[in-house]
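The values are calculated or read from the model by the stated rules, or taken from the named source; none is laboratory data. Keep in mind that this is a model prediction, so the values were computed, not measured. Cβ: placed from backbone, ideal geometry, glycine included. Neighbour counts: every protein chain shown.
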Amino acid sequence: MTTPSYDVDWQLTHDLDGFVGRAGDFLRADPVLHTVLLTVTGNLRERGLHVYGAGDPLFGTLAVRGEVAGVFLWTPPYPVQLTSVPAEAATALAERLADRTADVPGVAADPSTADAFGAAWQKRTGAVPRVGQRQRLYRLEKLTPPEPAPPGRARVAGARDRKLLKRWHTEFSEAVGDGPGRDAGEWADSRIAYGGVTLWETPDGTPVSMAGASRRIAGMVRVAPVYTPRELRGRGYAGAATAEVSRSALAGGADEVLLFTDLANPTSNRLYQRIGYRPVQDSTVCLFTATAAA
């Protein structure tokens with residue numbers, strides 16, 4: 001490990017309240033870049049520590065000269081979520097976590113931070129890092145709803161849509177490779193409780209697409225997930241649903257409306273830019289695969 005230019009001091013804890021007390025100001029200082037960590041900690045406080053899975057979440061803050069300079073959280077079975085930190089800090093965190101467990105499945109961070117963490121993880125554990133997904137964070141600049149809109153209308157999903165939301169959540173998770181994690185029924189119940197899913201339905205009332213939105217945290221709402229069944233794609237439903245949920249977020253007082261895309265999907269990247277979203281930052285989801293010898 002390269003000798004750092006400062007004392008790398010990662011403080012790890014399972015105490016959510018203590019973590020939020022230390023990291024909250026740092027995260028809220030840039031809610032756009034920290035959208036995932038803010039929404040995940042919000043869900044953990046609202047829905048319980050095991051909302052994402054049976055494993056105990058782990059949190060950490062990086063202190064540099066007494067000030068928080070980086071943050072991570074890990075909600076098994078998902079990858080570690082890590083803010084942008086220098087390579088030596090990412091390396092130190094990977095080594096700290098490797099000393100605790102070999103079960104970390106990956107890391108999500110800006111590309112250079114993810115690369116540094118992945119290289120350190122491989123050196124310590126032998127597990128091979130690979131890119132699971134390259135993502136781009138967008139923020140809404142000026143909403144431009146698609147014209148003409150597809151036939152039909154938008155409506156907020158309610159209790160009668162629970163079965164549909166469960167199925168579509170499962171299909172979406174499988175499509176993006178999330179694997180087992182948050183219970184689909186719990187997800188549907190939580191979204192229905194605050195009107196967190198907008199459906200686009202055809203004139204006869206058949207739902208054909210959904211766009212979700214997080215609760216507003218630090219003035220920020222993130223649009224996710226956006227899903228249209230494969231056989232219904234290419235008809236403008238996702239764009240119409242996304243535009244409506246974005247409009248609703250602005251009307252509800254959001255200062256920033258954000259979303260992530262998979263850079264391997266040029267269609268969705270073009271779509272969101274057409275309705276007014278502009279790029280902010282790219283990130284990498286790096287996954288770890290144990291070697292045969294391991």
Could you count how many residues in segment 244-294 are in contact with a strand residue (DSSP E or B) (Cβ under 8 Å, 6 or more places away or on another chain), surrounded by fewer than 17 Cβ atoms within 10 Å (Cβ to Cβ), among the β-branched types (Val, Ile, Thr) and farther than 16 Å from residue 220 by Cβ?
-> 2
Test each condition in (1) within 30 Å of residue 115 (Cβ to Cβ); (2) surrounded by fewer than 15 Cβ atoms within 10 Å (Cβ to Cβ); (3) touching a residue at least 60 places away in the same chain (Cβ under 8 Å) for residue 175 and report the one that comes out false.
-> (3)
Take segment 274-294 and flag every residue that is of a type outside the set (Gly, Ala, Ser) and within 19 Å of the chain's Cα centre (by Cα).
-> 277, 278, 279, 280, 281, 282, 284, 285, 286, 287, 288
Return yes when residue 15 is on the phi < 0 side of the Ramachandran plot, surrounded by fewer than 16 Cβ atoms within 10 Å (Cβ to Cβ) and at pLDDT 95 or above and no when it is not.
-> yes
Residue list for segment 18-62, restricted to those being closer than 26 Å to residue 280 by Cα, surrounded by fewer than 17 Cβ atoms within 10 Å (Cβ to Cβ) and in contact (Cβ under 8 Å) with a residue 40 or more places away in the chain | 25, 28, 42
Could you grab the pairs with beta carbons closer than 6 Å, sequence gap of 6+ or different chains, first residue in segment 250-268 and on the phi < 0 side of the Ramachandran plot, second one surrounded by 12 or more Cβ atoms within 10 Å (Cβ to Cβ) and of a type in the set (Phe, Trp, Tyr)?
-> 259/138
Does segment 58-68 contain at least one residue that is closer than 21 Å to residue 137 by Cβ, assigned by TED's automatic domain parsing to the domain that holds residue 113, out of contact with any strand residue (DSSP E or B) (no Cβ under 9 Å at 6 or more places or on another chain) and part of a loop (DSSP other than H, G, I, E, B)?
-> no
Quick one: in segment 239-255, which of the residues that are more than 21 Å from the chain's Cα centre (by Cα) and hydrophobic (A, V, I, L, M, F, W, C) is farthest from residue 200 (Cα to Cα)?
-> 251
Residue satisfying condition, being aliphatic (A, V, I, L, M), at pLDDT 95 or above and over 17 Å from residue 263 (Cβ atoms), within set 102, 87, 149, 114 = 87
Any idea which of (1) free of Cβ contacts under 8 Å to residues at least 60 places away in the same chain; (2) touching a Gly at 6+ places or on another chain (Cβ under 6 Å) is the one residue 226 doesn't satisfy?
-> (2)
Residue list for segment 117-148, filter: among the aliphatic types (A, V, I, L, M) and touching a strand residue (DSSP E or B) at 6+ places or on another chain (Cβ under 9 Å) = 119, 127, 128, 131, 137, 140, 143
Among the numbered conditions (1) in contact with a strand residue (DSSP E or B) (Cβ under 8 Å, 6 or more places away or on another chain); (2) more than 11 Å from residue 37 (Cβ to Cβ), tell me where residue 71 comes up short.
-> (2)
When residue 211 is evaluated against the numbered criteria (1) exposed (fewer than 15 other Cβ atoms within 10 Å of the Cβ); (2) among the small types (Gly, Ala, Ser); (3) without any contact (Cβ under 8 Å) to a residue 40 or more places away in the chain; (4) touching an Asp or Glu at 6+ places or on another chain (Cβ under 8 Å), which criterion, by number, is the only one it fails?
-> (1)
Please give the number of the condition residue 237 fails out of (1) closer than 22 Å to residue 135 by Cβ; (2) crowded, with 21+ Cβ neighbours inside 10 Å.
-> (1)
Scan segment 24-35 and give yes if some residue there is touching a Phe, Trp or Tyr at 6+ places or on another chain (Cβ under 9 Å) and among the aliphatic types (A, V, I, L, M), otherwise no.
-> no
